[in-house]
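Readers should treat all values here as calculations from the given coordinates under stated rules, not as data from a laboratory. Keep in mind it's a predicted model, so treat the numbers as computed, not measured. Here the Cβ positions follow ideal geometry from the backbone for every residue, glycine too, while neighbour counts run over all protein chains shown.
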Amino acid sequence: MSFDLVIFDCDGVLVDSEVISCRAHADTLTRHGYPITPDGVLKRFLGVSDREARQIVETEIGRKLPDSFEAEVKQATLSFYADDLSAIAHVGDAIAALDLPKCVASSGTPEKIRHGLTCAGLYHQLTPHIFSATQVKHGKPAPDIFLFAAEQMGARPEHCIVIEDSVHGVTGARAAGMTVLGFHGGSHCTAEHEDMLRRAGAAATFADMRELPGLMNRIDGESR
């Protein structure tokens, strides 16, 4: 087997945004009667689409969140991005070193993905091949977004390699029949994060983006 497509998750893989996003969600949820810390958001909803996270919360509290909820989270997130967001260290060089088609498959909204990649200086390297869970019926851990991305890019799932930082993402990519590498170098990752990604089905794990090209070559060689 040789890989024909690299699929990157966005938050926590390309941009070091998970802590920021969790803070925005925690602040907004708490204000609307669902008290939760940023760490609680991280543990419960890492890799889950905003749409599905909202459904979970509404089921638990037994009522709908206000129509303005997404707009409030988005405004808080974008505000934090402007001051605090950065690219994952060395990811720009890693992207440039991969002589393969590349795309993004993220649980975020198109606007959030675009803004995050732009703030981190990565948008020009990946546009226009950027796909959002809003384009499919089910978000991660379902395989829909990965299969959609592969279809749009003209690649067979078994020839795709996915770079993910969440258990939901690894689970979804594996359900799509793809090889997954688990990244645990984001600021949100805890000591047990690597083991969680391996248990979810990651073929290998790494914490430094400079390792990615060599790791892909090694996995490709082992699969031939």
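Here is how the numbers come out for the structure above:
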item: GNM result for the chain, Cα springs below 10 Å: residue of E192, E52, E70 fluctuating most strongly; result: E192
item: Other-chain or far-sequence residues with amide H under 5 Å of S86's (modelled H); result: D16
item: Per-residue HN-Hα couplings for region 204-211 [Karplus 6.51, -1.76, 1.60; θ = phi - 60°; Hz; x = Gly/Pro]; result: 7, 10, 7, 10, 10, 4, 5, 7
item: Residue with peak Gaussian network fluctuation, the chain [Cα springs, cutoff 10 Å], from R44, R198, R210; result: R44
item: Amide proton proximity set for V104, modelled H, under 5 Å, gap of 5+; result: F8, I130, F131
item: Calculated Rg and Dmax of the chain using C-alpha coordinates, Å; result: 16.7, 53
item: Whole-Hz couplings from phi, Karplus 6.51/-1.76/1.60, listed for region 130-136; x for Gly and Pro; result: 10, 10, 10, 4, 5, 8, 10
item: Most fluctuating residue given options F131, F69, F148, as computed from a GNM of the chain linking Cα atoms under 10 Å; result: F69
item: Quarter of Cα convex hull surface for region 18-84, i.e. mean projection, nm²; result: 4.1 nm²
item: Long-range HN-HN contacts of G185 with modeled amide H, under 5 Å; result: none
item: Theoretical ellipticity at 222 nm over the chain - DSSP helices of four or more residues, -39500 (n - 2.57) apiece, nearest 500; result: -14500 deg cm²/dmol
item: Cα centroid separation - region 117-134 against region 30-58, whole Å; result: 24 Å
item: 16 Å Cα-Cα reach of K137 towards aspartates and glutamates, excluding residues that sit fewer than 8 places from it in its own chain; result: D50, E52, E151
item: Neighbour-count ranking [beta-carbon atoms within 10 angstrom, fewest first] of I61, I161, I36; result: I61, I36, I161
item: Packing-based exposure ordering (other Cβ within 10 Å, fewest first) of L126, L5; result: L126, L5
